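Peer 1: To start, I am sharing the structure in question, which I have written as structure tokens.
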Amino acid sequence: MSATTGPVVRGTVPTARRRSWHLGDALIPVLAALAFIYLLVPIVYTVAFSFNDAGKSNLVWRGFTWKNWQNPCGAPQVCEAFRNSLSVGVVATLIATVIGTLLALALARFAFRGRPAVNLLVFLPMSTPEVVLGAALLAQFLSLRVQLGFWTVVAAHVMFCISFVVVTVKARVAGLDPALEEAAADLYASPFQAFWRVTFPLLLPGIAAAALLSFSLSFDDFIITNFNSGSFTTFPKFVYVSATRGIPPQANVIGSFMFVAALAIVLVAQLVSHARGKRRAG
Amino acid sequence: MPEVTTPALELMSVTKSFGSFLAVDDLDLTIPAGSFFALLGPSGCGKTTTLRMVAGLEQPTSGTVCIGGRDVTGDRAHRRPVNTVFQSYALFPHLTIADNVAFGLRRRRQHDVDAKVKEALDLVELGHLGERKPTQLSGGQAQRVALARAIVNRPELLLLDEPLGALDLKLRRQMQLELKRIQTEVGLTFVHVTHDQEEAMTMADTVAVMNKGKIEQMGPPEELYSRPHTAFVANFLGQSNLAPGQVVGREGDLLLVTVGGATVKVPVDRAVATTGSVLVGVRPEKIGLLIEGQEPSPNHNVVGPGIVTDVSFTGVSTQYQVEVEHLGTFGVFSQNLLGGATVTLGTKVRLAWSQEFTFGLDGDQDAAEGAADLDAEP
Ligand SMILES: Nc1ncnc2c1ncn2[C@@H]1O[C@H](COP(=O)(O)OP(=O)(O)OP(=O)(O)O)[C@@H](O)[C@H]1O
Ligand SMILES: [Mg+2]
């Protein structure tokens, strides 16, 4: 530090700051804070009312209680719906991730007839309105006389999840240096070993991201599910149906729980990648 | 016992076409076991394609590839006793350096993997970096890891595709010596691809000069340099002065050729063509300048006079450009034994060189083929 430059710096900075002061400087943080509050209100409401000592409906605050959290399955059907959503989510994610990953590899690696068409068609479920998709699927199921229930919901979810998996994984495959697989083959790895030891580990972050996305899309879906589930109830459907006669606070418990779980996954992923980065640097 | 060693690599009329484009054109090549072989050629001449066909990463359109006497043309890459150091290194980013080096050993279920990995890393002087990931290496270190990863398998043939291309000049020279040392130490057959003629000449026992999918000439570096067979080789490997002439007669072992107004003598065994039109060639460092009144030594060829149009001092030597009427510009390198330039710009000089350093090429080719043309590159 030099003693001669100190006062000069200290003298110039406030002047510069005073000159460039604008209304916008104060307005932007305020607006940002308002937008943020706006975004958070529904979440805060959900979490807060999961602690409400609710009576018949959970619309007005009647006092704090742990009761709902201690007994989240207290309301009729809420846990069954939750379990249904979980199993649909897991099964649909598994199927969509496997098929989507294979499709992405095929699209990125092999030039086959009709590849441009497949590339385009894969986007269709993402861009078609959900109501249309749901109604069209229902028509198919009805004309094939398939019993609506768990498997029709899974089939519907697999359909729209695959698109997202393909798009996510394909980006990852495109970023992969083809020389790596050649190097593996050059080092005596059979095509299967090359895939398992080199390609797959390098695609894994992309595949995991795709799976998480699939699960959350599936868990969240209401419109397509509502068309194709018959009497089978998922969590979003349960909430929608019970809205007419009052949503039980247990629904808020499960909603808050999902929110916290999602946050935890993001945090853990961040921590892991941070720790990896640190180990690499050290 | 008679020494009958099977060659490490044999290519028999190997051709590779991409659509209608011939990348490798009816190539024949034999590489003896234990040699350091360099494949030298300009960008796009088919060097990488040739290596990839040897490694099994590309299937030849026709022809046969034999490694260690065995026909491997139909074998896939992982079944060939060959390892490659890729131009981009292609280290596995998710594995540590040690696991990268162990990859080939583990695929073949070898024993003592750890000991072998350590030995290989020590050989390239990176024993202390085994636990790092490839992203934490410098270019030179990554290059050495790629080398260790290939060498540890003791392949019958090690293929190196411009492994020094990404390094700066100083590191490059250092790695050239290192590679040469390692090759001598482990005694494997190296096939080194490069477009740097100096690199090929300093490292290899045998150099093959490749152009447009064909091998133009193959032999020890000194022979390629002193007796090039084509204008392309003469220009690509160092620099050459090539002047068109006509064979007019013969005098014992010497051809008489008229060049411009002068008659020069070319040893018959250094001439590719012995009749009709030829290109007479001489390397720039073999030429001496004769000023007014100086007479050539006996057995020297003389052309000129010409005018000195450029003098540039490079420290060790001085390079002159001499414009000779009807013949064009000659380059002359003279060692600065006396401290600096001995002839000034604009001086009228004659050019003289010993007959034994003259070579003769077929006259039907472009004298500038293969020359580094700084102006007209597309
Ligand atoms: N997969 C391919 N499809 C079509 N053309 C190809 C393919 N691979 C190579 N080529 C062409 O074959 C020619 C030879 O390519 P190659 O990679 O063997 O050149 P190279 O001698 O290794 O050049 P460089 O020194 O630039 O690496 C080039 O003209 C290239 O464009
Ligand atoms: Mg190449």
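Please treat every number below as a calculation from the coordinates, not as lab data. Everything numeric in this text was worked out from a predicted model, so none of it was measured. For neighbour counting, all protein chains shown are included, and Cβ atoms are generated from backbone atoms with ideal geometry for every residue, glycine included.
Peer 1: Would you calculate a helix-derived [θ] at 222 nm for chain A, using -39,500 (n - 2.57) for each DSSP H run of n ≥ 4 and dividing by the full residue count, to the nearest 500?
Peer 2: Result for chain A, helices only: -24000 deg cm²/dmol.
Peer 1: Tell me, what HN-Hα J-couplings in whole Hz come from the Karplus equation 6.51 cos²θ - 1.76 cosθ + 1.60 at θ = phi - 60° for each residue of the stretch A:76-83, using x for Gly and Pro?
Peer 2: Each residue's phi maps through the Karplus curve to give x, 6, 4, 6, 5, 4, 4, 4 Hz.
Peer 1: While we're here: Could you tell me which of the pairs B:K16/B:K47; B:K116/B:K180; B:K16/B:K214; B:K265/B:K286; B:K16/B:K212; B:K47/B:K214 are separated by over 19 angstrom between their Cα atoms in the structure shown?
Peer 2: Checking Cα-Cα distances, B:K116/B:K180 exceed 19 Å.
Peer 1: Here's another thing I want to ask about it. Please report the relative contact order for the stretch B:220-292, taking Cα pairs under 8 Å with a sequence separation of at least 6, and give it as a percent rounded to a whole number.
Peer 2: So the answer I get is 29 percent.
Peer 1: Please report B:V316, B:V349, A:V98, B:V145 as a ranked list, fewest other C-beta atoms within 10 angstrom at the top and most at the bottom.
Peer 2: Going from least to most buried by this count: B:V316, A:V98, B:V349, B:V145.
Peer 1: State the answer as a single residue: which of A:A194, B:A200, B:L254 lies farthest towards the positive end of the charge dipole of the protein assembly as shown, with beta carbon charges of +1 for Lys and Arg and -1 for Asp and Glu, about the Cα centre.
Peer 2: Of A:A194, B:A200, B:L254, it is A:A194.
Peer 1: Report the equivalent ellipsoid semi-axes for the stretch B:9-226 in whole Å, largest first, defined as the square roots of five times the eigenvalues of the gyration tensor built from alpha carbon atoms.
Peer 2: Output for the stretch B:9-226: semi-axes of 28, 20, 16 Å.
Peer 1: Let me ask something additional. Residue by residue through B:82-95, how many Cβ atoms from other chains fall within 10 Å of the Cβ on average?
Peer 2: Across the residues of B:82-95, the mean count of other-chain Cβ atoms within 10 Å is 5.
Peer 1: Sort out for me the Cα centre separation of the stretch A:81-113 from the stretch A:139-200, rounded to whole Å.
Peer 2: Computed from Cα coordinates, the inter-centre distance equals 6 Å.
Peer 1: From the P(r) of the protein assembly as shown, could you give the percentage of C-alpha pairs in the tail past 50 Å?
Peer 2: On the way: 94424 of 217470 pairs.
Tail of the P(r) past 50 Å holds 43 percent of the pairs.
Peer 1: What trypsin sites (Lys or Arg not before Pro) does the stretch A:107-149 have in DSSP loop regions with at most 10 other beta carbons within 10 Å? Present the calculation step by step, with values, prior to reporting the outcome.
Peer 2: Working: sites: A:R109, A:R113, A:R145; in loops: A:R113, A:R145.
Answer in residue order: A:R113, A:R145.
Peer 1: Across the stretch A:185-192, in residue order, what do the Karplus-derived ³J(HN,Hα) couplings come to in whole Hz, using 6.51 cos²θ - 1.76 cosθ + 1.60 with θ = phi - 60° and x for Gly and Pro?
Peer 2: Result, rounded to whole Hz: 4, 5, 9, 6, 8, 5, x, 5.
Peer 1: In nm, to one decimal, how far is the B:R79 label point from the B:A368 one, both placed 7 Å along Cα→Cβ?
Peer 2: Spacing of the two 7 Å Cα→Cβ label points: 5.1 nm.
Peer 1: Tell me the mean residue ellipticity at 222 nm calculated for chain B from its helices only (DSSP H runs of n ≥ 4, each -39500 (n - 2.57), averaged over every residue, nearest 500).
Peer 2: The helix contribution divided over chain B gives -6500 deg cm²/dmol.
Peer 1: Taking every eigenvalue of the Cα gyration tensor of chain B, multiplying by 5 and rooting it, what semi-axes result, largest first, whole Å?
Peer 2: Working: eigenvalues 419, 119, 60 Å².
So the three semi-axes of chain B are 46, 24, 17 Å.
Peer 1: Here's something else I'd like to know. If you take the Cα atoms of the stretch A:75-234, find Rg, then find the Kirkwood Rh from the mean of 1/r over all pairs, what is Rg/Rh?
Peer 2: 1.06
Peer 1: Normalising by the residue count of chain A, find the relative contact order in percent from Cα pairs under 8 Å and 6+ residues apart.
Peer 2: About 30 percent, as a whole number.
Peer 1: Taking neighbour Cβ counts within 10 Å as the exposure measure, how do A:C73, A:C79 sort from fewest upward?
Peer 2: Ordered by Cβ neighbours within 10 Å, fewest first: A:C73, A:C79.
Peer 1: Pairs of alpha-carbon atoms within less than 8 angstrom and 6+ residues apart define the contacts here; what relative contact order does the stretch B:7-128 have, in percent?
Peer 2: 21
Peer 1: Let's see if you can work this out: charge +1 on each Lys and Arg Cβ, -1 on each Asp and Glu Cβ, no other charges. What is the dipole magnitude of chain B about its Cα centre, in debye to the nearest 20?
Peer 2: 1380
Peer 1: So, one more: Charges only on Cβ, +1 for Lys and Arg, -1 for Asp and Glu: so what's the dipole of the protein assembly as shown about the Cα centre, in debye to the nearest 20?
Peer 2: On the way: 54 positive and 55 negative charges, 888 e Å.
Approximately 4260 debye in magnitude.
Peer 1: Give the residue from A:A136, A:A111, A:F82 lying farthest towards the positive end of the charge dipole for chain A; charges sit on Cβ (+1 for Lys and Arg, -1 for Asp and Glu) and the dipole is referred to the Cα centre.
Peer 2: Most positive-ward Cα: A:F82.
Peer 1: Lysines near A:K170 by alpha-carbon distance under 29 Å, same-chain residues fewer than 8 away left out - which ones?
Peer 2: Of all the lysines, those that pass the test against A:K170 - Cα under 29 Å, at least 8 places apart if same chain - are A:K278, B:K133.
Peer 1: Can you tell which of B:T184, B:V316, A:L94 lies farthest toward the positive end of the dipole of the protein assembly as shown, using +1 and -1 charges on the Cβ of basic and acidic side chains (Lys, Arg; Asp, Glu)?
Peer 2: A:L94
Peer 1: What do you get for trypsin sites (Lys or Arg not before Pro) in the stretch B:92-148 restricted to DSSP loop and a cutoff of at most 15 other Cβ within 10 Å of the site's Cβ?
Peer 2: B:R108, B:R109
Peer 1: Let me know the whole percent of all Cα-Cα pairs from the stretch B:176-264 that are separated by more than 23 Å. Spell out each step's value before the answer.
Peer 2: Working: 1619 of 3916 pairs.
Result for the distance tail: 41 percent.
Peer 1: Which GluC sites (Glu not before Pro) from the stretch B:257-366 combine a DSSP loop assignment with at most 14 other Cβ atoms within 10 Å?
Peer 2: Of the GluC sites (Glu not before Pro), the ones in loops of the stretch B:257-366 whose Cβ has at most 14 other Cβ atoms within 10 Å are B:E292, B:E325.
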